[in-house]
């Protein structure tokens, strides 16, 4: 579907330059804006726009945003555990296991200065598009401005998710641009809505692959509306997304295997030895790089492991909840489809072998499994899963080449299932539980789970929260959902998360034990003040229109 790397085809029609790929993907939108350069041709203007698309890729929080997977949002939540304390520039454990957070900026989530640099670049493009765009084509200014306004709305939504407030800078305003007051939340949400409505109405209907589409713009608006608690808008935007092509893939597994899945609203494509990331290194089971694996000698760090909190949330195929008491003798048989598409577990078939996360009770009788669980260390990286599980979604079975040339599995910015769940939540918040469950059951029906129903907000929201957690696991939504629902203190604060330690006894039988995956003496900290991180002190000190009294509570 809509994928970044396929932009190449459209752009090559505009330019015969053989190194366009490098230029378009490497362009730095923070470089000084030059009218003469940007508007010299359709190709150069598009390159500039695509450089700002990169911000969306970089902050997507799943695959490909950073080559070292240093932005993987679900690893800040209860769903995914990183085995790294401080290696690979990974901040997932140091952020919330240390018990302290900076009060002069947003710590690992800090984005204020970078975001406003990107916003300025958006505004410069939007200022000049009506002047220079008509020289390219009759509709260039309108259609490309629509895309740029979608990018700008994405950046403002990110600011609101992190800080809960921000300054609206909607034009290039010279010296006056510096000293501007914070806008009210409603003003910012209005601004985001205006940008996305414009995008959703003015982007070309038949966009070439790789471009933001009307469906994506409306889908993004449905998500923004949940943060704004504008339920009618969330429903309207979800309907518009579907009207412009949003649809569910009949196969859940196909969403992550096929870049042309009809469910994708926007994806980012990669190419081995050209534009890559390192997802295989960080997600693959340890045994893949061992003798007996398909890639002996390859670097496999096996960093990210789904927690028991996630794995135990996948239902049985008949829709009954999983429990160790009932299903513990054979815990990985008879689970729902999403479990098998998402999780690699002990006994899972994989690349012609069987995943082995067990440790041996006596290594003179049985060796430890190739993919064995290890203990989390509060230093360095553990070197294998610390939960007993691996995430399957973002690696391609039997693929080779990543060992030498890097990973090329596509990243998903948004897919239609998220929009359907947005709509379900909005209906529930309005008290329309019939329509809320109608949307929820579209998601469950796709994976052949029985329908659910409920007649009160508490029941409906519990079901929706469960479905979002499982359906979108690893896709960058959970941490932000917990903050949006104000559930993060209950779910994260003063909690340990868990893995499953499997021991193979001398008679060949297996025992299962739930163990902490956070290390000895460590618990997570998430305070009320973390729902809106600190505005950067540099902005408060340098902007005459705001003061310390504007700082978020608790900072």
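The values are calculated or read from the model by the stated rules, or taken from the named source; none is laboratory data. This structure is a prediction, so every number in the text was calculated from the model and none was measured. Cβ atoms come from the backbone with ideal geometry, glycine included; neighbour counts cover every protein chain shown.
For the stretch 497-528, the candidate set comprises residues that are loosely packed, with under 15 Cβ neighbours inside 10 Å and within 32 Å of the chain's Cα centre (by Cα); within that set, the residue that is farthest from residue 480 (Cα to Cα) is 513. For the stretch 281-331, a residue qualifies if it is in contact (Cβ under 8 Å) with a residue 40 or more places away in the chain, touching a strand residue (DSSP E or B) at 6+ places or on another chain (Cβ under 8 Å), farther than 22 Å from residue 61 by Cβ and part of a loop (DSSP other than H, G, I, E, B), and the qualifying residues are 285, 292, 294, 315, 317, 328, 331. Among the residues of the stretch 529-549, the ones that are touching a helix residue (DSSP H, G or I) at 6+ places or on another chain (Cβ under 7 Å), buried (at least 17 other Cβ atoms within 10 Å of the Cβ) and farther than 24 Å from residue 94 by Cα come to 2 in all. If you filter the stretch 61-119 down to residues that are touching a strand residue (DSSP E or B) at 6+ places or on another chain (Cβ under 6 Å) and assigned to a loop (DSSP other than H, G, I, E, B), you find that the one that is farthest from residue 162 (Cα to Cα) is 83.
A quick yes/no check of all residues on (1) out of contact with any strand residue (DSSP E or B) (no Cβ under 6 Å at 6 or more places or on another chain); (2) surrounded by 18 or more Cβ atoms within 10 Å (Cβ to Cβ); (3) assigned to a helix (DSSP H, G or I):
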{"residue": "131", "(1), (2), (3)": "yes, no, yes"}
{"residue": "134", "(1), (2), (3)": "yes, no, yes"}
{"residue": "144", "(1), (2), (3)": "yes, yes, yes"}
{"residue": "149", "(1), (2), (3)": "yes, yes, yes"}
{"residue": "152", "(1), (2), (3)": "yes, yes, yes"}
{"residue": "155", "(1), (2), (3)": "yes, yes, yes"}
{"residue": "161", "(1), (2), (3)": "yes, yes, yes"}
{"residue": "166", "(1), (2), (3)": "yes, yes, no"}
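Scoring residue 256 on the criteria (1) farther than 26 Å from residue 335 by Cβ; (2) part of a helix (DSSP H, G or I); (3) touching a strand residue (DSSP E or B) at 6+ places or on another chain (Cβ under 9 Å) leaves a single failure, condition (1). For residue 59, the test of being over 16 Å from residue 394 (Cα atoms), modelled with pLDDT under 95 and under 16 Å from the mean Cα position of the chain (by Cα) is passed. When you check residue 88 against the structure, is it surrounded by fewer than 20 Cβ atoms within 10 Å (Cβ to Cβ) and modelled with pLDDT under 95, yes or no? Yes: the conditions hold for residue 88. In the stretch 349-362, the condition of being in contact (Cβ under 8 Å) with a residue 24 or more places away in the chain, surrounded by fewer than 23 Cβ atoms within 10 Å (Cβ to Cβ), part of a loop (DSSP other than H, G, I, E, B) and in contact with a strand residue (DSSP E or B) (Cβ under 6 Å, 6 or more places away or on another chain) is met by at least one residue. Of note, residue 346 satisfies the criterion of being over 16 Å from residue 396 (Cβ atoms), surrounded by fewer than 23 Cβ atoms within 10 Å (Cβ to Cβ), out of contact with any helix residue (DSSP H, G or I) (no Cβ under 7 Å at 6 or more places or on another chain) and in contact (Cβ under 8 Å) with a residue 60 or more places away in the chain.
Considering 258, 239, 232, 249, the condition of being within 29 Å of residue 143 (Cα to Cα), within 21 Å of the chain's Cα centre (by Cα) and surrounded by fewer than 18 Cβ atoms within 10 Å (Cβ to Cβ) is satisfied by 258 alone.
Being over 18 Å from the mean Cα position of the chain (by Cα), surrounded by 24 or more Cβ atoms within 10 Å (Cβ to Cβ) and more than 17 Å from residue 277 (Cα to Cα) is true of residue 388.
When the criteria are applied in full, residue 423 meets the requirement of being over 19 Å from residue 339 (Cβ atoms), assigned by TED's automatic domain parsing to the domain that holds residue 237, crowded, with 24+ Cβ neighbours inside 10 Å and touching a residue at least 60 places away in the same chain (Cβ under 8 Å).
Evaluated against (1) modelled with pLDDT of 95 or more; (2) surrounded by fewer than 24 Cβ atoms within 10 Å (Cβ to Cβ); (3) in contact with a helix residue (DSSP H, G or I) (Cβ under 6 Å, 6 or more places away or on another chain), residue 79 falls short on exactly one condition, (2). Exactly one residue out of 242, 236, 187 is outside the structural domain of residue 158 (by TED's automatic domain parsing), assigned to a helix (DSSP H, G or I) and either at positive phi or free of Cβ contacts under 8 Å to residues at least 24 places away in the same chain (or both): that is 236.
Would the stretch 276-284 turn up any residue that is assigned by TED's automatic domain parsing to the domain that holds residue 353, in contact with a helix residue (DSSP H, G or I) (Cβ under 6 Å, 6 or more places away or on another chain) and either surrounded by fewer than 19 Cβ atoms within 10 Å (Cβ to Cβ) or over 29 Å from residue 491 (Cβ atoms) (or both)? Checked against the condition, which is being assigned by TED's automatic domain parsing to the domain that holds residue 353, in contact with a helix residue (DSSP H, G or I) (Cβ under 6 Å, 6 or more places away or on another chain) and either surrounded by fewer than 19 Cβ atoms within 10 Å (Cβ to Cβ) or over 29 Å from residue 491 (Cβ atoms) (or both), the stretch 276-284 yields at least one hit.
If we scan the stretch 264-280, do we find a residue that is in a helix (DSSP H, G or I) and in contact with a strand residue (DSSP E or B) (Cβ under 8 Å, 6 or more places away or on another chain)? The answer is yes, given that some residue of the stretch 264-280 is in a helix (DSSP H, G or I) and in contact with a strand residue (DSSP E or B) (Cβ under 8 Å, 6 or more places away or on another chain). For residues that are within 31 Å of the chain's Cα centre (by Cα) and loosely packed, with under 15 Cβ neighbours inside 10 Å, scanning just the stretch 173-184, find the one that is nearest to residue 156 (Cα to Cα). Looking at the filtered set, the residue picked out is 184.
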